[in-house]
Every structure is written in structure tokens, then in C-alpha cells.
Amino acid sequence: MITENTPIEQLVKLLSKLPGFGPRSARRSVLQLMKQRDSLMLPLAATLKYVAENIHHCSECGNLDNSSPCHICESQKRDRGTICVVEEVADLWAIERSHSYQGVYHVLGGTLSALDGRGPEQLRIDRLLARTQAGVHEVILATNATVDGQMTAHYIAERLKDRNIRISRLAHGIPVGGELDYLDEGTLGTAFQARLPAA
Ligand SMILES: [Zn+2]
């Protein structure tokens with residue numbers, strides 16, 4: 001039986017705080033880690049420490065990487081004239097997995113929310129407006145198909161409407177209430193190709 005405040009119980013408590021983990025799955029994971037001390041637990045601990053100390057948000061787009069600007073912002077293969085606006089880094093990862101997009105990104109860090117009292121100043125919207133000043137010809141609004149996601153897309157489209165930029169949004173295949181991170185790569189790829197004018 002596990003007694004309180006032992007190092008193992010401490011580890012279980014910390015793991016329980018992760019999304020998708022309850023105390024039960026945390027306990028099972030700890031036991032599995034102990035069984036694979038050299039092949040899993042020690043490499044995991046070292047990688048956690050490395051990531052915690054070396055991975056930061058890109059100053060340009062908000063992506064997570066060990067360099068800032070990140071490897072996507074720096075890549076010569078990417079079209080810097082097209083910016084895809086997403087809510088979270090997980091959405092950026094989902095789009096990258098679909099291999100359907102060659103532009104750059106802008107991670108907002110959430111959505112506007114009347115309910116949670118989150119306004120434009122809490123998101124990276126000013127940085128987006130600054131980035132669209134020069135050389136950007138298209139902004140793709142790829143926020144989630146939720147009420148807050150759509151409200152956020154509408155707000156950004158309004159802020160950009162007087163500039164000479166094509167503003168589009170993902171359409172085909174995104175279910176209502178759908179979150180990008182949960183879509184399969186094919187659906188997301190189709191949604192990119194079938195994007196529509198946002199306003
Ligand atoms: Zn970046």
C-alpha cells in the first residue's frame with residue numbers, strides 16, 4: 001500500500017494532474033516506469049528536464065521550439081506571405097501532421113470568451129496585426145468550429161478587413177463543435193484545400 005508523501009506518492013500526484021490522467025492511470029504509469037527504469041524512466045526524466053529548460057514559445061508565431069524564431073518561421077521552404085491563425089500549439093501540430101500547408105502560423109494562445117472574461121489583450125492578436133503589416137497576402141483563420149473559436153475568427157477578420165489581404169477560413173469537413181486536434185489528417189487536408197472567404 002502506498003503511504004502519503006513518499007516520493008512515489010508524490011510522483012503519482014504530479015502525474016495525476018496531466019490531462020487524461022487520473023490517480024489510477026498515474027499509479028499504473030509509475031509502476032510501468034519502475035519496471036523500465038533504464039529504458040524508459042531515466043530517458044523520460046532527462047528529456048523532461050531538457051524540454052523544461054530549452055523549449056520556449058517562438059517570439060514570432062508562438063510555436064514551441066528550441067529556437068526563436070522557430071524552425072517553421074526560419075524555414076526557406078515556407079511561404080511567409082500566408083499566415084494560418086490557430087488557437088493552440090496542438091492545432092499547429094495537427095495541421096503539420098496533415099502535410100497540407102506550406103505557409104507560416106500564428107498561435108493565439110486561446111480564444112476570446114465572454115464567459116471566461118477573455119478579451120483581445122489576453123491573446124496574441126496585436127502581434128498578429130503587426131505581422132500582417134508587410135508582405136502578407138493571405139490570413140487563414142483556422143480557429144476551432146466552436147462558438148468562441150468562430151467569434152474569435154470573426155473578430156480578427158474585422159480587424160484585418162481594411163487591409164489588402166485575402167482572409168479565409170477552413171470550411172469543408174470541419175464538424176460543428178469540432179476541434180482541429182481531433183480531426184484525422186485527411187479531413188484537415190480537405191478543409192485546407194476547400195477554404196472559403198471569411199467575411
Ligand atoms: Zn515561429
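Details
- Projected over every direction and averaged, the convex hull enclosing the alpha-carbon atoms of the range 41-136 yields 8.0 nm².
- Arranged from fewest to most other beta-carbon atoms within 10 Å of their beta carbon, 95, 83 become 83, 95.
- Exposure proxy for 143, 47: other Cβ atoms within 10 Å of each Cβ, ordered fewest to most, give 47, 143.
- Taking the alpha carbon gyration tensor of the range 74-190, multiplying each eigenvalue by 5 and rooting it gives semi-axes of 20, 19, 12 Å, largest first.
- For the range 1-74, the Kirkwood radius over C-alpha pairs fed into Stokes-Einstein at 25 °C and 0.890 mPa s yields D = 171 µm² per second.
- A dipole drawn for the range 11-105 from +1 and -1 charges on Cβ atoms has a positive end, and of 67, 19, 105 the residue lying farthest that way is 19.
- Of all DSSP beta bridges in the chain, antiparallel share, percent nearest 5: 30
- When the alpha carbon coordinates of the range 66-122 are projected onto the principal axes, the ranges are 40, 23, 23 Å, largest first.
- Our analysis of the chain gives Rg over Rh at 1.06, with the two radii drawn from alpha carbon positions and Rh computed by the Kirkwood formula.
- Lys pairs, the chain - Cα-Cα below 29 angstrom, 8 or more residues apart or on other chains: 6
The numbers here are math on the coordinates, done by the rules we state, and not lab data. From a predicted model like this one, the values you see are computed outputs, not experimental measurements. Heads up, the Cβs are rebuilt from the backbone with ideal geometry, glycines too, and the neighbour counts pull from every protein chain shown.
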